[in-house]
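Heads up: the structure comes next, in structure tokens.
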Amino acid sequence: MVPFALAGLAAFVIAAVVLRLAGAPDEWFEIAVAGFVVGIPGLITMIVHDRNRKRRRALTHPEFRVEESS
């Protein structure tokens, strides 16, 4: 799910830049910035969830190997 969250954040950044350059109403720009800001906690949540899912799967399925990254 992390790649989807990153793509969403990138889309909001691109939208904000395009809106600023196009001279769109300030409210539209603010909405794009808000979408990016609200997406950050979602990204963090997905990263933590994926990390914990790997650990849970290793406990329930012994054949599943977790490669620890340093």
Whenever you get a sec, compute what percent of the accessible area on the chain sits on carbon and sulfur atoms (1.4 Å probe).
68 percent
Quick one: accessible area per residue over segment 1-51, 1.4 Å probe, rounded to a whole number of Å²?
70 Å²
Could you give the size of the charge dipole of the chain about its Cα centre, using +1 on the Cβ of each K and R and -1 on the Cβ of each D and E, expressed in debye and rounded to the nearest 20?
460 debye
Helix 26-60 versus the longest principal axis of the chain: what is the Cα-based angle in degrees, 0 to 90, to the nearest 10?
0 degrees
How far is helix 2-22 tilted, in degrees, relative to the longest principal axis of the Cα atoms in the chain, given as a value from 0 to 90 rounded to the nearest 10?
10 degrees
Once the dipole of the chain is set up with Lys and Arg at +1 and Asp and Glu at -1 on Cβ about the Cα centre, which of 11, 47, 33 lies farthest towards its positive end?
47
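The values are calculated or read from the model by the stated rules, or taken from the named source; none is laboratory data. Only a predicted model underlies this, so the values are computations on that prediction, with no experimental measurement involved. Here the Cβ is made from the backbone with ideal geometry for all residues, glycine too, and neighbour counts use every protein chain on show. The area values use the complete protein model at the heavy-atom level, side chains included, leaving out ligands, DNA and RNA. Shrake-Rupley method; radii C 1.70, N 1.55, O 1.52, S 1.80 Å.
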